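A short worksheet on the structure shown next.
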Amino acid sequence: MKQLFWSLAALLSHWRKHPTSLAILLMGLSIATALWSGVQALNAQAKNSYNQAAAIFNQANTQNIIAQKGGYFDQDLFIRLRRAGAKVSPIIEGRIYFHKKELKIIGVDPITTPKNASSELVHSLKSAFDLIDKEGMAFISPETLQELGSKAGDRLKTDRGIVLPPLNPLSSVPPGAIITDIGIAQNTLARAEKLSRLIVDQKNNLDSEQVSTLTKNVLRLVAADESNDLTRLTDSFHLNLTAFGMLAFVVGFFIVNASVGLAFEQRLPTLRTLRALGAPAYLLVAGMLIEIAALTLIAGLIGVTGGFFIAQELLPNVAASLEGLYGAQISRHLTLDKNWFFSAFAMAGGGALLANAAGLVKTLRLPVLNVAKPIAWREINHGYLRRQALLSLLAIIIAMLTYSVGKNLLSGFAFMACGLLGAAMLLPFILALTLFVGERQSQQPLLRWLFADGRQEIPGLSLALMALLLTLSANIGIGGMVTGFRETFLTWLDERLVAEIYYETATAEDALKIEAWAQNEQEIDAILPVWRAKALVENQPVELMGMTFHDTYIRHFPLLSSKENVWESLRSSDAILVSEQLARRLNVHIDDALNLPTGDDDWRVTIAGIFPDYGNPKGQIRIDHERLARHFPDASRTHYSLRVAPRSTASVMTKMKAIHGDKIVRIVDQEEVKNISIGIFEKTFMITGALNTLMLIVSAVALFTSLLTLSNLRLRQVAPVWAIGVSRQTLATIELTRILIFAAGVALVAIPLGVFITWGLVTIINVIAFGWRLPMHIYPMHWLMVFITSLLTAFFASLVPVIQLARSKPIDLLKGFVDAR
Amino acid sequence: MTIAHTLKIEEDGEILRTQSLTKSYETPLGSLLVLNKINLAIQSRTSIALMGESGSGKSTLLHLIGALDDPDAGSIFIEGKEITQLKESEKADLRRGKIGFVFQQFNLIASLTVAENLAFQARLADRLDPSWLAELTRRLGLSQITSRYPEQLSGGQQQRVAVGRALAVKPRLLLADEPTGNLDEKTGDSVLALTLELVEETGCAFLMATHSARLAARLQRQCRLESGVLTCP
């Protein structure tokens, strides 16, 4: 024990002499942990919110009964099941708007809600409902209440003009939702006697067959998690986020690895001395492990704190992205659990252990006697480049294998990660080669030295440069994808949103009245219904959109592929248009037949065309509206668009509001719809932008710390050149030039790598994750910006070491000679 | 400095003169006087051995003379020009063109080959004489290893490259700080013999710091530095 104590004391004394190295090491480990744990906190927060939303009236193993074809069903079926002795409770869910903000309304029946359905919330609801008077009560999360600018007891008036019961804040209500009595919800949604689902008491002994028989195949029994679409839909987003977190962790880890490697080299003489003095290798390893544990504890604590702040800072962006992509409501109030806390420490420990692994193995194998020889940098360099090339080759082979074998999201990410790492590990090779050519081409001695010395610096700087490369290429790649997506999306939006006015009525009857009025209006050229129904097609949630195939669509509606006379087929037969993502998920093509479950029977339809539907996580089918109404009598017939002369848009809207204001839930013009869509699009990529910036900062820190760490070693290398007549200012300029050459080289490699990322995202990840394939775009101006960013990053990262060198006192440089002894 | 003095320097071929050169270092225990009013002059084709114990200030004196460090007080004249007040770039010019420095640790540039190291300073000073460089290479026995890198050389070979680099520029003053300190006796002797031979041929002044009385005896004069005071018999 004493041996261990004193060996450890000797090992730790290294940090006393090199406090900057210790600070850099801790900073790297803390940053890596903070980035990882921050992203994980965001994932956990979002998943908690989904679960909270999904489990309001569900518990593990609780079953639900939903409509066979999706959407609403008659309340009579609930009564029929209750009469047959089934312990089920009705729920209605829908969307309402309050000052154009969308809220989910959930209607429950406090009397029949099973006791085991959801502990805290249901008990609160039951006791509250017991106490309330006839006007009822609307429960809302305190956060949403605040967002709406309301206070407890206020009564919300929806945009349709329905007044809700007084608001009552309750923390177990998920964000963005209002829970109230089922009758009130049905009235608010204009869905009298309609239900969304039934929750089944755990003690119930219902089976699927009974449900089908009792409801004549209209309803079916499903497991709780089957009805939780959100978790399934958002999986790809969270995998994306995790990949980003992992990339950030790798960048942070590079800092750790560089400083640990340097510390090991610096400590090698101490280790040898300790071995020579009789300390066994295992004891030194034990000491190093204790040191790692201590570092983990400190860096873990800093990292967890940093992660919390990062998550808190990014949470609004993530929430905006998830809302934009999936309409998911995420609580803005960060809540974290102990698993997250401990996993952050595990990552810090794992990272520290991994970074130290080579050092630990070397210590175990360290010979007591070492033949004195100078630092053979060329040998080290060649060995390093060889190892890197081999690893790079291995990573590229794995990437190619995953590309040819795997077809899921995980294999897509693995392909991209291996491809990226392979390319990153090839970077030192490419830089060494470039510098070699530069050296051979230069006649001027200082220029020649600049290149030759640059090659010597590669092993020390390569990790930081690889981190910069990953960051820049991610920037180019993701930026390229987002900008390309934006361009495609805007063009698509222009083609898709051709009608001048869009409106939604409270009821189908209201819609009919407005339609009748519109037919006599001179200014209105066409009334285009967009009726809606929901269905589960081969277990995929699908929106069915019923439309009339007016000239507007024939001329503008974008199609990716279609059969001849597609519009005529749609008008005259049971033909449909299928969204790209649905076609991919169902693996169907033009002319394929599809069975749409209609309750009584399946409706067999043929695919006549495939259309792009960017940004919609759910599959969509477009069909003639009258056929839709025939097969789906419950289809909502409240959405319409109008074609009017553009100059008449405002006057028609004003007239409609004046005459039919009480019947219209929402009415917006084309520009507003476009703005809303673009707004959602922008929100979707907010988190990407934030993480990109964060990673750029981290890689700048990585470069800065590496340069700072190397600056002491550099003194020894530049001192002889200074001694034979090169001024410190010239040396500093050369140092800066060298770093800028590195940064330029990195940026040049980052461009093709970034294009690779864009290609991977567009053709693999997006297709698997979202189901849509975007056209590939490249943006040379963005590359130029990234190139300049790289130079600026390197410039600022090298500023301190370069100024240090320019201002170094002769005694510091002379120390270079003394230290060499 | 008067005109008469300058003329005298030219007559005598005086390369170096120090006047009351003083240097001290701050230590945790207070100021440590390393050099106390050192006066030293050295003519061309003259070699002086600077002896003294470790820490006596030999290296410090060489660093001051070599324009690598600044004195606290006193003057240094190289070929009659006072150098202590020179700007950084002027000092760099001086080191590059007039002074050759050989270090105990060789201090070769690890990233350059032997040939590149040999020519480096001369090229920097734009005074490369290819035939002189070729002769130096041959006489120093480096012809077969010009494409090697420093790490691939023995200590003796590295020190010969260091000597060659310093002499390739045909300096007016060659400074050597324990040049054989890292070499065995035989190799050290041969490196010194070669250096003296080349010094004689180039006509420069040679100042060498050493512990070894045996090696010091091979130079024309021997000075001793003790407690900051220089004594030249």
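List of remarks:
- FRET efficiency, B:GLN85 to A:ILE811 (Cβ-Cβ, R0 25 Å, nearest 0.05): 0.85
- P(r), alpha carbons of the stretch A:559-646 - 5 Å bins starting at zero, rounded %: 3, 13, 23, 22, 22, 13, 3, 1, 0
- Global form of the stretch B:120-205, assessed from the alpha-carbon gyration tensor, a/c cut-off 1.5: oblate
- Kyte-Doolittle mean at least 0.0, axial Cα span of 20 Å or more - DSSP H helices of chain A: A:19-54, A:229-276, A:281-326, A:338-365, A:377-405, A:409-441, A:445-496, A:686-723, A:728-760, A:780-806
- Mean separation of Cα contacts under 8 Å, 6 or more apart, over the residue count of the stretch B:93-159: relative contact order %: 45 percent
- Reported to the nearest whole Å, the Cα centre-to-centre distance from the stretch A:450-490 to the stretch A:743-821 is 5.
- Across the stretch A:507-662, the fraction of Cα-Cα pairs farther apart than 20 Å, rounded to a whole number, is 52%.
- Residues whose placed amide H lies under 5 Å from that of B:SER47, excluding near-sequence neighbours: B:PHE206, B:GLN220, B:ARG221
- Cβ-Cβ FRET estimate between A:ALA192 and A:GLN312, R0 fixed at 56 Å, reported to 0.05: 0.80
- The residues of the stretch A:762-816 have, on average, 49 Å² of accessible surface per residue, using a 1.4 Å probe with all protein chains present.
- Span from the the stretch A:508-554 Cα centroid across to the the stretch B:106-165 one, whole angstrom: 88 Å
- Evaluating 6.51 cos²θ - 1.76 cosθ + 1.60 at θ = phi - 60° for every residue in the stretch B:99-104, the Karplus couplings come out as 10, x, 10, 10, 9, 4 Hz, glycine and proline recorded as x.
- Given their separation in residues at 0.36 nm each and the Cα-Cα distance between them, A:ASN339 and A:LEU12 gain 114.6 nm when the chain is fully extended.
- Sites B:THR22 and A:PHE5 - FRET efficiency at Förster radius 56 Å, r taken between beta-carbons, to 0.05: 0.70
- Inverse mean reciprocal Cα-Cα distance (Kirkwood Rh) of the stretch A:246-290, Å: 12.0 Å
- Of A:LYS104/A:LYS674; A:LYS809/B:LYS87; A:LYS157/A:LYS674; A:LYS101/A:LYS151; A:LYS157/A:LYS534; A:LYS194/A:LYS657, pairs whose Cα-Cα distance is over 20 Å: A:LYS104/A:LYS674; A:LYS157/A:LYS674; A:LYS157/A:LYS534; A:LYS194/A:LYS657
- Compactness of the protein assembly as shown as Cα Rg over 2.2 N^0.38 Å, two decimals: 1.30
- Annotation: extensible slack from A:ALA526 through A:HIS589 equals 19.5 nm (criterion: 0.36 nm per residue apart, minus Cα-Cα distance).
- Note on B:119-126: average number of Cβ atoms from other chains within 10 Å of each residue's Cβ is 5.
- Fully extended contour minus Cα-Cα distance, from A:ALA286 to A:LYS362, at 0.36 nm per residue: 26.0 nm
- Qualifying trypsin sites (Lys or Arg not before Pro) for the stretch A:406-466 [loop in DSSP, other Cβ within 10 Å: at most 12]: A:LYS407
- Residue with peak Gaussian network fluctuation, chain B [Cα springs, cutoff 10 Å], from B:GLU90, B:GLU53, B:GLU26: B:GLU26
- In chain A, the DSSP-assigned H stretches of four residues or longer account for a calculated mean residue ellipticity at 222 nm of -21500 deg cm²/dmol, using -39500 (n - 2.57) per stretch and the full residue count as denominator.
- Rounded, prolate or oblate (a/c below 1.5 giving rounded, otherwise prolate when a/b exceeds b/c) for chain B by Cα gyration tensor: prolate
The values are calculated or read from the model by the stated rules, or taken from the named source; none is laboratory data. All of these numbers come straight from a predicted model, not from anything done at the bench. Because the Cβ atoms are built from the backbone with ideal geometry, glycine has one as well, and the counts that use them run over all protein chains shown. Only protein heavy atoms, including side chains, enter the accessible area calculation; ligands, DNA and RNA are left aside. Shrake-Rupley method; radii C 1.70, N 1.55, O 1.52, S 1.80 Å.
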